[in-house]
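A short write-up of the structure that comes next.
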Amino acid sequence: MAVVNSTESRVLKGRYPFVTTIVCCYLLLLSPISNAELYKYVNEDGVTVLDSHVPARYVKNGYTILRVDGRVLEVVPRALSDEEIRIRDLNLAEERRRNRIEREQNIADQNLLRIYSRPEDVIRVRDDKIATIEFAISTDKGRRSRLQSQKRDMQASLADIERAGGVITSERLSQIRAIDNKMRQNEREIASKLDEMNTLQASYAADLKRVRELYDESIGVR
């Protein structure tokens with residue numbers, strides 16, 4: 001394009017006033033053209049096309065937006081298939097699950113380090129709690145032994161009554177049934193405490209292992 005300098009412009013203004021108007025209009029028209037966009041896509045024949053728009057039937061295949069000077073403004077990817085969407089969603093769900101587990105583990109680790117100053121503290125707390133449960137079990141077993149003794153004494157008494165030809169009253173039978181119920185309850189309490197102790201031991205074993213790992217990691221950082 002020829003360049004019109006200021007002197008020539010003044011001459012043109014004097015001789016041909018309409019020329020200035022034409023030049024200005026031409027320059028204005030150039031501005032939007034320089035900012036125009038082209039769209040590159042592949043048609044059904046596999047041919048790459050440059051156009052001012054993308055036909056609707058090709059949008060799902062993806063396209064590229066370019067400036068007229070060839071610079072890429074944006075790349076719009078193709079639409080995913082149903083199977084690809086399913087896999088993507090599964091991967092996202094798995095990533096969220098891993099992130100949730102990691103967050104929960106970090107919180108649990110912080111709690112462990114706040115409670116225990118060293119791995120030996122885990123062992124001390126574990127042994128104290130187990131000793132408390134063992135004492136409770138021992139107490140329950142003592143109660144069970146006393147109930148068994150009471151039942152034997154009552155059964156012996158009833159046997160003496162039968163041998164003497166006496167009548168065993170319903171009240172005495174109810175007393176034995178009451179002792180049986182207490183013994184069954186006692187057995188359930190002992191079993192529950194044993195389960196609690198086993199669960200406690202497993203839990204503290206996991207805590208001890210993790211605390212040792214955390215303190216080894218902290219030593220390694222130093």
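The values are calculated or read from the model by the stated rules, or taken from the named source; none is laboratory data. Just so we're clear, the structure is a prediction, and the values are computed from it rather than from any experiment. All Cβ positions, glycine included, derive from the backbone under ideal geometry; neighbour counts span all protein chains shown.
Candidates Met154, Met197, Met183: the one that is under 30 Å from Gln105 (Cβ atoms) and either outside the structural domain of Gln105 (by TED's automatic domain parsing) or among the hydrophobic types (A, V, I, L, M, F, W, C) (or both) is Met197.
Which one of these is under 30 Å from Tyr116 (Cα atoms), of a type in the set (Val, Ile, Thr) and at pLDDT 90 or above: Thr139, Thr199?
Unique residue meeting the criteria: Thr199.
Please give the strands (runs of 3 or more DSSP E) falling wholly within the stretch 36-104 in which 2 or more residues are surrounded by 12 or more Cβ atoms within 10 Å (Cβ to Cβ). Hits in the stretch 36-104: 37-42, 48-51, 63-67.
For Ala108, the criteria (1) part of a strand (DSSP E or B); (2) out of contact with any strand residue (DSSP E or B) (no Cβ under 9 Å at 6 or more places or on another chain) hold in every case but one, which is (1).
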